[in-house]
Amino acid sequence: MRILIVEDDPHTATFIAKGLAEDGHTVDRADNGRDGLFLATTETYNAIILDRMLPVVDGLTVLRTLRGAGNSVPVLVLTALGDVDHRVEGLRAGADDYLVKPFAYAELSARIDSLLRRRQAPSAETTELRVGDLELNLLTREAKRAGRSIELQPREFRLLEYLMRQAERVVTRTMLLEAVWDYHFDPQTNVIDVHISRLRQKIDRHHPKPLLHTVRGAGYRLGVRE
Amino acid sequence: MARVIASACVNRLIALLSARSTSARLALAIAGLFLLAYLLLGAGLYYAVSQIFAQDLHEVIRLDSADLVEMYRESGHAGLATEISERTASPDDDNAVYELIGPGGKLLAGQFATLPADVRNGDGWTEFDERNADGVVRVVAKLQKLGDGSKLLTGRRSRNQQRFEVLVQRTSFYALLAAAGLGGLIGWITARWVAHRLESTYDITRRVGAGELALRIPEDDSDDSFDRLAKRINAMLDRIQELLDGVRHVTDHIAHDLRTPLTRLRNRLEEMRTEHVHAEQFTAELDAATAETDQLLATFSALLRLTRIEAQTAGANDPELAMQPLVLDAVELYAPIASEGGIVLDAQTVPCTLRGDADQLFQLVANLLDNALKYATRGTRVTLHLFDDGDAIYLIIGDHGAGIPAVDRERVFDRFVRLEEHRGSQGSGLGLSLVRAIAHRHGGSITLEDNSPGLRVRVRLPRAVVR
């Protein structure tokens, strides 16, 4: 995948670029809004990582200009401004996701994966999700592993659905909170971990091959890969 | 000597006129108003007195004229001419003037050797200047037509009135000088007084600005503008000092609470570099270092979030929000933690509406539940009540844990304050600070009570006004 990073801090930009390259992406870089806008409009990218505070032309202006020109490339906005108002402003300007500095690379990587995937996914409604021998029927709201039915609470169902839609990809705790609980807040303790471990009990117990993995320092991954 | 003083005054005046300072303007304004008042009063008085003089003059002339006309009727043209000649030759009154004017404008009898044509041909009231040895005198006169085509002029020299006018002009000039001087003086004194009263305020604020934060402006309790200004500035200085103390306090705590993990992190990295550890141990050390950094980042985020919320003002523009589903979501989120700790989480809620930020209020409920579950004794019950007493919305969360001693109940809201016995446990010491900031930002309040045993947190939030 081809990704453009528009970020004026060279250290952050290098750090992100290195990580993305290791993840197998091709990376272009711009260190101000004008160059970023130029690259974004003249080249084709699968996603853009855009810092909000940029020299020459600021991030939101770049974003609005892109969207105004009918460019619908997925954009993740990076910012030091973490306020809800700022978030809303960023999303309104056309951002697909919003990440507050300082952030862990794992969080950024997971979110970029999610963005790229969202664009790739066929628009047709899927009624059934499948990861290995785990099946989730979205119509009957039934979950089965190796043909055996699993009892799920409504929230557990949403949690599993999200993890299965992001199969083989790392999802962070914050992403889970936003997607499954719909609140943007900062959990004081490992409250998500407890929910995950209960879900894990339900889907992985009595099965030799676990599907729900904990990724150290990042979050979780549901998949058949070890 | 007088010359020196005068020139000093002039210099001072020039300085005042060219100055843009408030006190100079004040002095000038007062002097100007003083002069204006004087001029209005003088002009009014002058006009009134002049009117009275003029009326008197006209009255005397009218009576005199009527007298002579009566004489004309009784003794005819010749008799009137004789009378006028007599009066002119030996006047009873220096100021009275008479003239009998023939049909062609010919002067028949009287004082005048000549008269302006418009006076001779005129009729009724007239005024003209008479030139004689004394100079020019204004004459006010009445022309009366007689039966035989001739005219009678009866008039008076308005010498008294002229004298009055000259007197008034002269007096006015001196009075004007006095008024200007007096006005200037009063203006100057007022400006001096104002400047003097502001002097101490000026001096104190300058010194506070230079760093002497404990200084306050003396208040005289007169409740005049200056006193109110002093009180307002003092209140402002109190608030600034409070904030500065807060910042200092927070800085101390940040220094302590962030230095400790940072030092630990540094030592860990140092160790990894100097000691030749195995690859496996190396990874474990790196993971620990990363976890430590994540914790630091989380603390920073919480700190920034707290600062931002504290800076927000309670907004009437916030959207209306149903509190019950939000609280139930939080309860559901924490239910697994409760059951893991063998704690019964008992929630009793009713529907209620308020204005606010859903994410922040969720954070509030989550933090309180988190605390309650963290400190509750195993096997006890944590209760949550959400109700609306018609006046406000209450959220009450109680646990049966160790509780907080009464002396510490205010202190735990401060940033980074953690009671000694909990220093070892997980947490940043910002949870309750955040809860209080969110409650305040929504116009609410929070109190800690004894749940005998345990802690009961009571959050009061204003309910949305139903339209």
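The values are calculated or read from the model by the stated rules, or taken from the named source; none is laboratory data. Values in this document were obtained by computation on a predicted structure and should not be read as measured data. Here the Cβ is made from the backbone with ideal geometry for all residues, glycine too, and neighbour counts use every protein chain on show.
Test of understanding: among B:Asp389, B:Asp399, B:Asp370, which residue is surrounded by 17 or more Cβ atoms within 10 Å (Cβ to Cβ), out of contact with any strand residue (DSSP E or B) (no Cβ under 8 Å at 6 or more places or on another chain), assigned by TED's automatic domain parsing to the domain that holds B:Arg456 and charged (D, E, K, R)? Give the steps one after another, and end with the answer.
Numbers: B:Asp389 fails: surrounded by 17 or more Cβ atoms within 10 Å (Cβ to Cβ); B:Asp399 fails: out of contact with any strand residue (DSSP E or B) (no Cβ under 8 Å at 6 or more places or on another chain).
None of the other options fit; the residue is B:Asp370.
Cβ-Cβ below 7 Å, separation at least six or inter-chain, first residue in region A:170-191 and within 8 Å of chain B (Cβ to nearest Cβ), second hydroxyl-bearing (Ser, Thr, Tyr): which pairs?
As it stands, the answer is A:Asp186/B:Ser301; A:Val191/B:Tyr334, since those pairs meet every condition given.
Give me a count of the residues in region B:343-378 that are part of a helix (DSSP H, G or I), more than 13 Å from B:Arg456 (Cα to Cα) and of a type outside the set (A, V, I, L, M, F, W, C).
The qualifying residues number 6.
Looking at region B:268-307 only, could you name the residues that are within 10 Å of chain A (Cβ to nearest Cβ), of a type in the set (A, V, I, L, M, F, W, C) and out of contact with any helix residue (DSSP H, G or I) (no Cβ under 7 Å at 6 or more places or on another chain)?
Matches in region B:268-307: B:Leu286, B:Ala291, B:Leu297, B:Ala298, B:Phe300, B:Leu304.
Of all residues in region B:435-467, which are touching a residue at least 40 places away in the same chain (Cβ under 8 Å), assigned to a helix (DSSP H, G or I) and either exposed (fewer than 15 other Cβ atoms within 10 Å of the Cβ) or not β-branched (Val, Ile, Thr) (or both)?
B:Ala437, B:Ala439, B:His440, B:Arg441
Of everything in region A:126-142 that's under 17 Å from A:His206 (Cβ atoms) and not in a strand (DSSP E or B), which residue is nearest to the chain's Cα centre (by Cα)?
Step by step, filter region A:126-142, then rank; the result is A:Gly132.
Which one is farthest from A:Tyr183 (Cα to Cα), of the residues in region B:319-343 that are within 13 Å of chain A (Cβ to nearest Cβ) and in contact (Cβ under 8 Å) with a residue 60 or more places away in the chain?
Filtering region B:319-343 for residues that are within 13 Å of chain A (Cβ to nearest Cβ) and in contact (Cβ under 8 Å) with a residue 60 or more places away in the chain, the one farthest from A:Tyr183 (Cα to Cα) comes out as B:Leu321.
For residues in region B:379-414 being in a loop (DSSP other than H, G, I, E, B), over 42 Å from the mean Cα position of the chain (by Cα) and among the small types (Gly, Ala, Ser), which is farthest from B:Val435 (Cα to Cα)?
Only one residue tops the list, namely B:Gly379.
Considering only region A:19-78, state which residues are outside any strand (DSSP E or B), under 15 Å from A:Ile112 (Cβ atoms) and of a type outside the set (Phe, Trp, Tyr).
Across region A:19-78, the qualifying residues are A:Gly19, A:Leu20, A:Ala21, A:Glu22, A:Asp23, A:Gly24, A:His25, A:Asn46, A:Val73, A:Pro74.
Restricting to region A:154-168, what's the tally of residues that are in contact with a Lys or Arg (Cβ under 9 Å, 6 or more places away or on another chain) and more than 15 Å from A:Pro210 (Cα to Cα)?
The qualifying residues number 5.
Do we find a residue being surrounded by 14 or more Cβ atoms within 10 Å (Cβ to Cβ) and among the charged types (D, E, K, R) anywhere in region B:315-331?
The answer is yes; a qualifying residue exists.
When you go through (1) in contact with an Asp or Glu (Cβ under 8 Å, 6 or more places away or on another chain); (2) of a type in the set (A, V, I, L, M, F, W, C); (3) over 18 Å from B:Ala141 (Cα atoms) one by one for B:Ile84, which number turns out not to apply?
With respect to (1) in contact with an Asp or Glu (Cβ under 8 Å, 6 or more places away or on another chain); (2) of a type in the set (A, V, I, L, M, F, W, C); (3) over 18 Å from B:Ala141 (Cα atoms), B:Ile84 is out only on (3).
In this structure, is B:Ala81 assigned to a helix (DSSP H, G or I) and touching a strand residue (DSSP E or B) at 6+ places or on another chain (Cβ under 6 Å)?
Judged against the criteria, B:Ala81 is a match.
Do you know which of the residues in region A:2-17 that are of a type outside the set (A, V, I, L, M) and outside any strand (DSSP E or B) is surrounded by the most Cβ atoms within 10 Å (Cβ to Cβ)?
Among those residues, the one meeting the criterion is A:Glu7.
Among (1) closer than 21 Å to B:Thr447 by Cα; (2) within 14 Å of chain A (Cβ to nearest Cβ); (3) of a type in the set (D, E, K, R), there is one condition B:Asp346 misses while meeting the rest; what is its number?
With respect to (1) closer than 21 Å to B:Thr447 by Cα; (2) within 14 Å of chain A (Cβ to nearest Cβ); (3) of a type in the set (D, E, K, R), B:Asp346 is out only on (2).
Would you please name the residue that is nearest to B:Leu304 (Cα to Cα), looking only at residues in region B:358-416 that are free of Cβ contacts under 8 Å to residues at least 60 places away in the same chain and within 14 Å of chain A (Cβ to nearest Cβ)?
B:Asp359
Residues that are at negative phi, modelled with pLDDT of 80 or more and surrounded by 14 or more Cβ atoms within 10 Å (Cβ to Cβ): which strands (runs of 3 or more DSSP E) entirely in region B:100-199 hold 1 or more of them?
By residue number, B:124-132, B:135-145, B:151-157.
For region A:143-173, enumerate the residues that are assigned to a strand (DSSP E or B) and buried (at least 20 other Cβ atoms within 10 Å of the Cβ).
At the first step, the residues of region A:143-173 found to be assigned to a strand (DSSP E or B) are A:143-145, A:148-150, A:170-172.
Residues satisfying the conditions are A:Ala143, A:Arg145, A:Val170, A:Val171, A:Thr172.
If you go through region A:206-220 one residue at a time, do you hit one that is of a type in the set (Lys, Arg), more than 25 Å from A:Leu91 (Cβ to Cβ) and at pLDDT 90 or above?
Checking region A:206-220: not a single residue is of a type in the set (Lys, Arg), more than 25 Å from A:Leu91 (Cβ to Cβ) and at pLDDT 90 or above.
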